[in-house]
Amino acid sequence: MDEEIRAHLERQQWDEAFDLVLRQYQTKVFHLACSMLANQEQAEDAAQEVFIRIWRALPGYRAQASVSTWVYSIARNACLTALKSASARRTVSLEDPGTRAAAENRVESPGRPHAPDIERLVEELPEKLRQVVSLFYMEEKSYEEVSRLLGIPMGTVKTHLHRARKELALRWRKENTNAVRGV
C-alpha cells in the first residue's frame, strides 16, 4: 500500500494519496493516540488533527522515510502537543465513569493482592516511559520502530522499557502492600 501511496504522491495526486493514507492508517493512528493520551475523546480529536496535518503536508513529503514512519511521526507530535495542552488544564471529576470505577475498585478484600490495573499503572508512568511502553507493548512495534518513531537511540528504548517494567512492578507491589495494611 505504501508504494501505491508514494506513486500517487509522485504524480501529485493528493486526493488519491490521502484516501489511501486514511484507509491504511486511520485505525493505527487512533490506537496510537489512545495509548498516548489515555482518553478516547482526546484521542479522537488528536487523530483528526493528525489527518489534517497529513493532508497539509502531503505536497512536502519527500520519501526520506517510509510512509508509515512519516505518518507515525506526525501522529506522535500531534499527541505530544495534545498532552502538553491537556496537562495545563487537567482536572479530575468524580462524575467521570473511569474515576468512579477506579474509586469503587479500590475496595479489595484485606490480605489478598488484587489484579493490577495495567492501563492505570501505565498512565501513571512518566511520559517518556509511557510512550515507549505504549508503542512497544500496545502497538506491538519493534525496538527499531520505537526508536525511529520517538527519535531516540535503540539502547534508550531498551533502557526505558526496563525502567518502566521495574516501576510498574514497584507500584503494583506498593499498592498491594497498602491494601494489606488497609491504607
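The values are calculated or read from the model by the stated rules, or taken from the named source; none is laboratory data. Just so you know, these numbers come straight off a predicted model, no measurement behind them. We place every Cβ from the backbone using ideal geometry, glycine too, and count neighbours over all the protein chains shown.
Hey, does the range 54-62 have a residue that's at pLDDT below 80 and not aliphatic (A, V, I, L, M)? Within the range 54-62, not a single residue is at pLDDT below 80 and not aliphatic (A, V, I, L, M).
Could you list, in sequence order, the residues of the range 142-175 that are of a type in the set (Lys, Arg) and modelled with pLDDT of 85 or more? Talk me through it step by step, then tell me what you get.
Let us first name the residues in the range 142-175 that are of a type in the set (Lys, Arg), namely 148, 158, 163, 165-166, 171, 173-174.
If the condition is that a residue be of a type in the set (Lys, Arg) and modelled with pLDDT of 85 or more, then Arg148, Lys158, Arg163, Arg165, Lys166 are the ones that fit.
Of the residues making up the range 11-36, those that are surrounded by fewer than 13 Cβ atoms within 10 Å (Cβ to Cβ), over 19 Å from the mean Cα position of the chain (by Cα) and free of Cβ contacts under 8 Å to residues at least 40 places away in the same chain are Arg11, Asp15, Arg23.
Among the numbered conditions (1) closer than 15 Å to Ala78 by Cβ; (2) in contact with a Leu (Cβ under 8 Å, 6 or more places away or on another chain), the only one that Cys34 does not meet is (2). Determine whether Glu175 is surrounded by 14 or more Cβ atoms within 10 Å (Cβ to Cβ), of a type outside the set (Ser, Thr, Tyr) and in a helix (DSSP H, G or I). When the stated conditions are applied, Glu175 passes them.
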